[in-house]
Structures are given as C-alpha cells and as structure tokens.
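One structure below.
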Amino acid sequence: MIEAVEGVEPQRARCVKALNPSVLTLDGTNTWVLFEPDAERCIVVDPGPDDAAHVAAVLAEVERVGCEVALILLTHGHADHTGAVDALHAKTKAPVRAADPAWCRGTVALQDREQIDVDGLVLHVMATPGHTADSVCFHLPRDGALLTGDTILGEGSSLIAWPDGRVGPYLKSLKRLRDFAAAGESLTLLPGHGELVLWGLPAIDTLLAHRVKRLEQVSEVLDAGAGTVDEVVAAVYGLPGPALHEVVIAQVQAQLEHLASTGNGRAAEAMHR
C-alpha cells in the first residue's frame, strides 16, 4: 500500500499494489483509488490482473476510505491492468471507461482533453499513445499529479512493442507530457508500476534522452552492417534471457519501424528480416 505522506501530495490517491511482480510489471501493478476528501464516491484506475485477492484488496481500500466506486477507468488494455475489470464491474456496478471502446462497460469511450468529475474529484484525460495505441494518462490537478499507466513507470523505461507499440507516437506523448510538466501543471507521477515519482520533469527528460540515445544506437549498428532484427538485438541488447527474448524483438521492430518512417532505408530492410 502506498499511503499519502504528510506534507507531500497526492492526498487524493491511494495505491493498492497487485501481487504480480515480474520483469515487465516490476513489483506489481498499481491500482489507484481516487477520491475527494469527505466524498461519498470514488474512482478506481486500472483494476489490475485477474486475481480475486487483489479485487478484494481494492474493495477493502475503497471501504477504508469510506467511499463507493462510481467509475472505473483504464489507462490501457494490457491484461495486468484490465484482468480484474469484469470482476470489479460486477461487484460495484460502476461503469468502465477506456480509450478503446471494447473495454467500456455501460458507457462511452474516453476522449482526449475530456474532464471527469466525481463528487468534486476532477480528472483531465490526456491521450498518450505509444506504449499502446489506446494509452491515456489522467491529470489530477488539485494534487498536481499525473496517473501515467505504463507510459511512464516508477523506474526504468516503458516497453514499446511492435505492432501496437509505436516509437513515434510515444516520443510525441512524452514531449506533450514534458511541456505539461514544464508549465508547472504536473510534478508528481503516479505510475502503473513502481513507486510514485515526486519530480516529473527530470524523469520525463531522462526518458526522452534514453529513447533518443537508443535510436542512435540502433542506427549505428545498422550502419555497421547489422541487417536483421536478431543482429540488431544482439548488438544493442546482448543476449536477453528467454523471458525477454520475444519482448526485445518486438521493441527492436518498433525502433526499426520508427527509423524507417524517417527515411532510414537500412531500418526498413532489417525490420522484416
């Protein structure tokens, strides 16, 4: 459980961490319970994996803060965030909203720049495609916080796996969030995995620099003669273990697709080899 810290925002968010640690989920998936102080209703963001114990823990936290679930929101459609959607929906009868209409239950899809208000708790929707085509973030203005799903993690960098993951849109999303943070609108990041990030702007700058550097590395190994996806993987990432091999291949394909879109002919040739 990530508790509110005295004198440190966010005060309107509580995190219930799922017990699904892995190389991709870090120490587990974060389910966020959002509520306005003294409100009777709350919002749950990312119900988490298909795990009855986690659903029970989320409902226990909702009861602890003295609210009923009015709305369930999704940052994106990956199973570690959505596996518990139907169980939580069935227990609370709360509608489910996501950017992808396929995940909506009893209501309509989220729209970029939309404002959501539940008993005075205000959220602003920000479309941030890249990790997935349907990725969104939620700005919690009264806490100066941003729920980032897997667009920004509490540590390390997000997976961008082809074909749903796209590097070009991801870079644009990071730059949008960077401009937002630089304007003083959001300093605290509430991620889908890992601990909260108190200083959002330097974290975003670090991610952008990492992505640009990685693209430069891929371009360099292509210039040095790498001509297949496997050769790029070996040159840039070494030999990933079995649990990550297919994931790294998909990430390199996303990098090659982006470079190809900028006119890099070697990347276009290597992408499908």
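Counting Lys and Arg as +1 and Asp and Glu as -1 over every other residue whose Cβ lies under 15 Å from the Cβ of G238, the net charge comes to -1.
Computed over the chain with a Gaussian network model linking Cα atoms closer than 10 Å, the most mobile of D117, D86, D27 is D117.
Rounded to the nearest 20 debye, the dipole magnitude of the chain is 460 debye, with +1 charges on Lys and Arg beta carbons, -1 on Asp and Glu beta carbons, and the Cα centre as origin.
Once semi-axes √(5λ) of the Cα gyration tensor in Å is calculated for the structure shown, the corresponding label among [x] 25, 21, 20; [y] 35, 19, 16; [z] 32, 20, 17 turns out to be [y].
The number of Lys pairs in the chain with C-alpha atoms less than 24 Å apart, excluding pairs fewer than 8 positions apart on the same chain, is 4. Which residues in region 54-91 place their backbone N less than 19 Å from a point set 7 Å from the Cα of A102 along the Cα-to-Cβ direction? Zone members listed by number: 73-87.
One decimal place: the segment E246-Q111 gains 45.4 nm when fully extended, by the rule 0.36 nm per residue minus the C-alpha distance.
Pick out, from V33, S135, T262, the residue whose Cα sits farthest towards the positive end of the charge dipole of the chain, with +1 on the Cβ of Lys and Arg and -1 on the Cβ of Asp and Glu. Checking the options against the dipole of the chain, the answer is T262.
Judged by a Cβ-Cβ distance under 4.7 Å, the unpaired cysteines of the chain are C15, C104, C137. Label-to-label distance, R176 versus L198, with points set 7 angstrom from Cα along the beta-carbon direction: 2.9 nm.
Of the residues V212, V136, V45, the one that moves most in a GNM of the chain with alpha-carbon contacts below 10 Å is V212. You can think of it this way: the chain between T206 and H272 has 20.7 nm of extra reach, that is 0.36 nm per residue less the Cα-Cα gap.
Throughout, read-outs are computed from the coordinates displayed, never taken from laboratory work. These numbers were taken from a predicted model, which means no experiment stands behind them. Positions of Cβ are generated from backbone atoms using ideal geometry, with glycine treated the same way; all protein chains shown enter the neighbour counts.
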